[in-house]
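Notes follow the structure.
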Amino acid sequence: MGVSTMWAVALPISLTGIPIAYVLNKTGAMEQQFFVLVAGVVCLALVAIIPAAMMIIRGEKNDPFFYVLSIFTFSSVMDLVIALENDGFISSFMTFYLLEGEPYLVTAHGTMILYWDGIAHLLMYVLMVAGHSKRQGWYREVGLYWAGSIAHSMVVFLPGNIAGKYGMKWSILLNVPYLIIPFWAGYRFLKSGVKPQKSVSKPLSVALWKRPQDVFFVLYLLAATALAAFRGMTVLGCNAEMSQIYKNQYDPYLKDDSTYPMMQMLIYLFYFIPYYVAAACGLWGGENHTWMTDWALIHAGAAAQGQFSYIGGAIHASTDPNYRLPSDPSVRLSFFLINGALFLVPQLMALRFVWGKTFTHELPPAEPILSQRKKKAFKKHM
């Protein structure tokens, strides 16, 4: 049974979560946190074990990641159901989970990450399965993008849950696999990169100003660094007049008591800035190292997930009106220009590294000394 066949088993199993959730919602036992946790653990265990067991019984060996792919497929389906229920499109499916499981999912940020997981991540799983089945290189590239996206989602979501107004409940433990597995999978994707050939690499002397697309990206990275530092200091309580004006008039969502916007800005401050600096230095030198492509994909996934959640949260109806994006056209324009750029440019930069021209060329491997001697001897006989 190949990966595509396993997916054909895992996807229907994941879809069974919808009727199961409907039945559990009608069960009185789900009014207690402990039973919600038990139900979640049992469901996750079953959707992981059944497809994996089928592969083991048939003696099929495959990428270990695909043994747990059904867990993420299941969560994507259920997250989309919860998001639709939050926005009133459906009802009576996950009410018990929102009350006694993870009530912080009813927030604007929670709803947006559910939509992203239920649509974007599910699409990534389909692409990874298709790429792996056809032995296409973009399986790894999509995997790196997904790892950046879901890891970023969790490092903002979990601290926000703990620090936010809803506090911790037992069901937060259900997020542990979604925190550990993406980092493990991301590490494996990074390690599985194409090994460079044994050849001498000589950088081309192409000045930065002769590469207009890279000039744009360097300027963006410098501006993004300054913005990340400014917004990070703002959420940490900077009393400078400019910070207060920005927080109160242009981006009041930073003050949301769910604390997710604050966590988002801290991730930009402490994690994105080092990447911005490293990428700008790499582009400045004109070297297209493997790490630049890999981390551009990881960063693009993280930026897309983060900005989708942040922009959506700022305009979502469930956000307190005091923290929602103001209706002033000039304020809205500046908000969407800034946050839209933080979403779009990382995607363009990832495409530049994946599909763009390199700025290194490889010289052919040096011939062995023995071969050179044979050629000289042959010329003498001629």
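Where a number appears in this text, it was derived from the coordinates with a stated rule and is not lab data. Keep in mind that this is a model prediction, so the values were computed, not measured. Heads up, the Cβs are rebuilt from the backbone with ideal geometry, glycines too, and the neighbour counts pull from every protein chain shown.
A few notes on this one:
- The stretch between Q136 and K26, if pulled fully straight at 0.36 nm per residue, gains 35.1 nm over its current Cα-Cα span.
- What the Cβ-Cβ distance of L348 and V38 gives, at R0 = 51 Å and to the nearest 0.05, is a FRET efficiency of 0.65.
- Cross-linked pairs K26/K255; K165/K247; K134/K191: Cα-Cα separations exceed 27 Å for K26/K255.
- For L297, the shell of other residues with beta-carbons less than 14 Å away shows a net charge of 0, using +1 for Lys and Arg and -1 for Asp and Glu.
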